[in-house]
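Nothing in this text is a laboratory measurement; each read-out follows from the coordinates by a stated rule. The structure displayed is predicted, hence computed values, not measured ones. All Cβ positions, glycine included, derive from the backbone under ideal geometry; neighbour counts span all protein chains shown.
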Amino acid sequence: MKESASYRVFQVMNGFIMALVVVMTLYPFLYLVAQSFSSEAAVYAGKVTIFPVDFTDQTYRAVLSRPEFFNYYGNTILYAIVGTVISVAATAVMSYPLSKDRLRLNKFFIPFVLFTMYFGGGLIPNYILIAKTLHMRDTIWAIIIPGAISAFNVILVKTFFASLPNELEEAAKVDGLGVYRIFLRITLPLSKPILATMVLFSMVSIWNNWFGPSLYLESKDKWPVALYLRQIIDSAINPTEAGLSSDATAQIAATIKSTAMVLTSLPIICLYPFVQKYFVQGMMIGSVKG
């Protein structure tokens, strides 16, 4: 069938808008990469756009040459993997019963979940709870447990679970499956799109977290890479405080922020293509034969 003129105009405009969004999204990151590889004089002169000027990798060599940098990266990977598994599992387990209207206390607990989105105990009570009451200071659990369940994520997953056809569970009950087996064999496999989204949300949150570790981690060898790079940024005026070479002071001070952002963001950017396919994956409809 021949396309109408209005449809062709729509396609052209749609392509143009999408291209514009891509450019607006990529430009900040390309600018950071270019700045991190540019000379100190070019950065301060404002000559850098999306291509490096007077190419140099001095700041990367200064940061990556420290052996403990890879130890910090290993800590971050450990925190991100363990924290993501716990967060996604806890969120799914909490959201599943809340998505069932037939449960008597369903409407009683949902307001408590929503309440935590708007009100919190504050920094000092949280610190006392984690460090003094639960004795989790200077442990991996102080980084993972406090943010394991997000009220916003619970609402998202609950809404997705509620949209799944009830006929699937009814058919599974007829086949003799119990509640737990229905959850593991029916609900979770159909929920890959929302679970993949939760994986990305949780991993990005843990990966970029430096404030929590700065409060609860006393041992420097347990730091995540974000906190280490934060320390280098704070010490950029005097890099020797961070163990960096003093003869590269000006260059490091000019590009350390861009370098730190690139080193922190790159692993998550590499992870996204493997998770993105689930974002557009539809759930199974009409699986139950009439």
Gyration tensor (alpha-carbon) shape descriptor, the stretch 1-119, a/c threshold 1.5: oblate
Nearest-0.05 FRET efficiency for Tyr31 and Lys132, computed from C-beta distance (R0 35 Å): 0.20
Percentage relative contact order, the chain, counting C-alpha pairs under 8 Å, at least six apart: 27
Loop chymotrypsin sites (Phe, Trp or Tyr not before Pro), the stretch 1-86 (other Cβ atoms within 10 Å of the site Cβ: 15 or fewer; DSSP): Phe55
Listed residues Ile130, Tyr72, Gly176: farthest to the positive end of the dipole of the stretch 62-279 (Cβ charges): Gly176
Pairs of lysine residues in the chain - Cα separation under 24 Å, sequence separation of 8 or more or cross-chain: 17
Top positive-direction residue, dipole computed over the chain with Cβ charges, set Ala151, Gln58, Leu98: Leu98
For the stretch 92-211, alpha-carbon Rg and Dmax in angstrom: 17.2, 52
Principal axes of the stretch 18-57: Cα extent on each, largest first, Å: 35, 18, 10
Cα-based convex hull, the chain, per residue volume (Å³, whole number): 210
Ranking of Ser99, Ser6, Ser65, Ser150 by count of other Cβ atoms within 10 Å, fewest first: Ser6, Ser65, Ser99, Ser150
For the chain, built as a Gaussian network whose Cα springs stay under 10 Å, the top-fluctuating residue of Leu32, Leu134, Leu20: Leu20
Cα centre as origin, Lys/Arg/Asp/Glu Cβ charges: the stretch 1-127 dipole, Debye: 660
Computed lengthening from Glu167 to Tyr180, 0.36 nm per intervening residue step minus Cα-Cα distance: 3.0 nm
Mean ellipticity per residue at 222 nm, deg cm²/dmol - from DSSP H runs of n ≥ 4 across the chain, formula -39500 (n - 2.57): -20500 deg cm²/dmol
